[in-house]
1. Ignoring everything except DSSP H segments at least 4 long, calculate the 222 nm mean residue ellipticity for the chain; use -39,500 (n - 2.57) per segment, divide by total residues, nearest 500.
2. Please identify the GluC sites (Glu not before Pro) of the range 126-167 that satisfy two criteria: DSSP loop assignment and at most 14 other Cβ atoms within 10 Å. Which are they?
3. What's the percent breakdown of Cα-Cα distances in the chain across 5 Å bins, shortest bin first?
4. Separation of the range 135-193 and the range 79-102 by C-alpha centroid, Å?
5. Given H placed on each backbone N at 1.01 Å, which residues far from Y73 in sequence or on other chains put an amide H within less than 5 Å of it?
6. Which one of L216, P35, I59 is farthest out on the positive end of the charge dipole of the chain, using unit charges on Cβ (Lys, Arg +1; Asp, Glu -1) and the Cα centre as origin?
7. Work out from phi, with θ = phi - 60° and the Karplus expression 6.51 cos²θ - 1.76 cosθ + 1.60, the ³J(HN,Hα) of each residue of the range 142-157, listed in order in whole Hz, and give x for Gly and Pro.
8. If I model a spin label as a point 7 Å beyond the Cα along the Cα-Cβ vector, how far apart are those points for N11 and K51 in nm?
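FYI, it's all coordinate maths here, none of it is from the lab. What you are looking at is a predicted structure, and each value in this text was computed from that prediction instead of being measured. Reconstructed Cβ throughout: ideal geometry from the backbone, glycine too, with neighbour counts over all protein chains shown.
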Amino acid sequence: KPYYLIARDKNKKIRAIIPFFYLKNFCGKRLDSIPLSIYGGAVGKEIYVEKLVKKIFEINQKLNCKYIIIRQYPNKYFSIYYKKGMDKFEKKWTQIVQIKEPEILWNEILKSNRNSIRKAINYNLKVEKSESSKDLIDFHQMELITRKKFGDTTPSLEFFKTSWDKLHSKGYMEVFITKFKDKPVASCIIYIFNKKVILAHVNSDNKYLHLRPNNLQLW
């Protein structure tokens, strides 16, 4: 069940928003700001965000959830969450690389990474950009393999098909599948927005990691 919380000023102008979803499954009852996403927390001025966070805790009291998850961009509004007794949990590393001309970037990356990329090329691995939503079946199989490896729940194939339908046609999403002898051995999604490329859902088969598919795919 969705809760789309909005804070307005005295002139009814929107000053902050935060989306939340109530979920109940084998993990227990919880409030989660956009499940399955990387980030999806609050946006707006701090004074208004603080009021929204207060409202979330009021909703939580009624629903008696086990916990609240706010998938906020690192460090943003943390002081507000901290006041409410929330802990900071960083499961993922955020790594940033400035996009440059290939020949310049090639010389800046680690020598070990360059060697791994060469190794993948020598083994004739191919990175294919998907042109059809049909390729999501291969992508999703790789997603299942990776999530199982880490003991995570896996988004459904429909989740990715919906993302494709809404984002790919607008140039906001691309899917890549890396193959060895026509067999998918790695895959990933990139989201493109506001002059940034966000790498997400990176998957690979352990049996083929020695071929360095992830290094080639990222390159």
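1. Working: 7 runs with 75 residues, N = 219.
Using -39500 (n - 2.57) per qualifying helix, the result is -10500 deg cm²/dmol.
2. Working: sites: E128, E131, E143, E158; in loops: E131.
Of the GluC sites (Glu not before Pro), the ones in loops of the range 126-167 whose Cβ has at most 14 other Cβ atoms within 10 Å are E131.
3. So the P(r) values, bin by bin, are 1, 6, 12, 14, 16, 15, 13, 9, 7, 5, 2, 1, 0.
4. Result: 23 Å between the Cα centres.
5. G40, G41
6. Farthest along the dipole direction, towards plus: I59.
7. Karplus values, whole Hz, x for Gly and Pro: 5, 4, 4, 4, 5, 5, 5, 4, 9, x, 9, 6, 10, x, 6, 4.
8. 1.5
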